[in-house]
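To start, the structure under review is shown below, and the notes come after it.
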């Protein structure tokens, strides 16, 4: 179907331009401050036509925008469209579908926190500044809790999530400050994170500002805690079983409990390591049956409740409302979703995915397998802990990954 040809002065996202122009560099900070450049008289026609995007040679971006168009000609759909009057840009959500990863930033999720994190960041002014900005937004001294604890306080959902988010982005600044660090940052062409870490990845990729991301993470932690408080639930990790066996274990336990205590796989981390969430009685049932299913080990997770299941349903509407009010842009590089292990470019889709994320199983195993299969050469785990590095190495002993702490 032909799209109408529109001639209109509108804003073309910087993050799309920079994706195709290596000479233009934007960090998650600079993108947050300026997310668009005005380009005059752009025409849109049916995708697949050589005239999918026409523009003046203004600002020297003609070739870069043409390359952006050509990348999407194969998709036989409109790449971008304009809502006249609102200057809203609609982006093809499949923009990054055929991404070819070479260097990745991987960000940790809840559980990676440890008392003492943030100390290294204080040696780097730009990293230390993130904690100061966080204190203003949160209304309390986040750095003090990160460095001094106590552990029980830092481990709480409402505090650990913002603490990990800020510390992980501080680790980016620690890396930037070291010799060759900026070159590493510039080389990164894909990012993702475990659950909470997806928000960190989106901030790094310029989908939203550091401040907006922190506000979302703060609300997310509060909403998830409230949802956990509303019902008795828990999570347990099973070591030594494949996903099929873990599903059989869940089915066996579910036969013995009522609907309020059902369990399901919540985290597909890697082969032999899967986490199950559900009602407390259901969790106790799967733990009791684990030995008969030949699980090597079970580990009850120190989290507030059954994350990534329907138990988190009450948190969804609060997240949807906050996301609707948040300025979200197309990421400048692919950010892989925990929900479907795919990158998304359309801001409205990103909003929906983030709202669904708290009730959807984490597809980390598929994400890592896809990255490795598509040729990923080097990864960096930025933030507290080394959980992600352990998973990567378990899946591919030859994989190259470096930890950058703060």
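What follows is calculated from the coordinates using simple rules that are stated; it is not laboratory data. Predicted, not measured: the structure shown is a model, and the values here were computed from it. Cβ: placed from backbone, ideal geometry, glycine included. Neighbour counts: every protein chain shown.
Measuring between their Cα centroids, region 83-153 and region 312-376 lie 15 Å from each other. Segment residue 297..residue 239, full-extension length gain: 20.4 nm, with 0.36 nm per residue of separation and the alpha-carbon distance subtracted.
Normalising the average separation of contacting C-alpha pairs (under 8 angstrom, six or more residues apart) by the number of residues puts the relative contact order of region 133-251 at 29 percent. For 379, 348, 103, the sequence from fewest to most other C-beta atoms within 10 Å is 348, 103, 379.
Taking other Cβ within 10 Å of each residue's Cβ, how do 198, 256 sort, fewest first?
Listed from fewest to most nearby Cβ atoms, that is 256, 198.
Pairs of Cα atoms nearer than 8 Å and 6+ residues apart set the relative contact order; for region 265-406 it is 25 percent.
As a length-normalised measure over Cα pairs under 8 Å and 6 or more apart, the relative contact order of region 232-300 settles at 47 percent. The fewest-to-most ranking of 291, 369 by surrounding Cβ atoms within 10 Å reads 291, 369. Under the rule a/c < 1.5 gives rounded, and otherwise a/b versus b/c splits prolate from oblate, where does region 165-249 land using the Cα gyration tensor? In terms of gyration-tensor shape, oblate.
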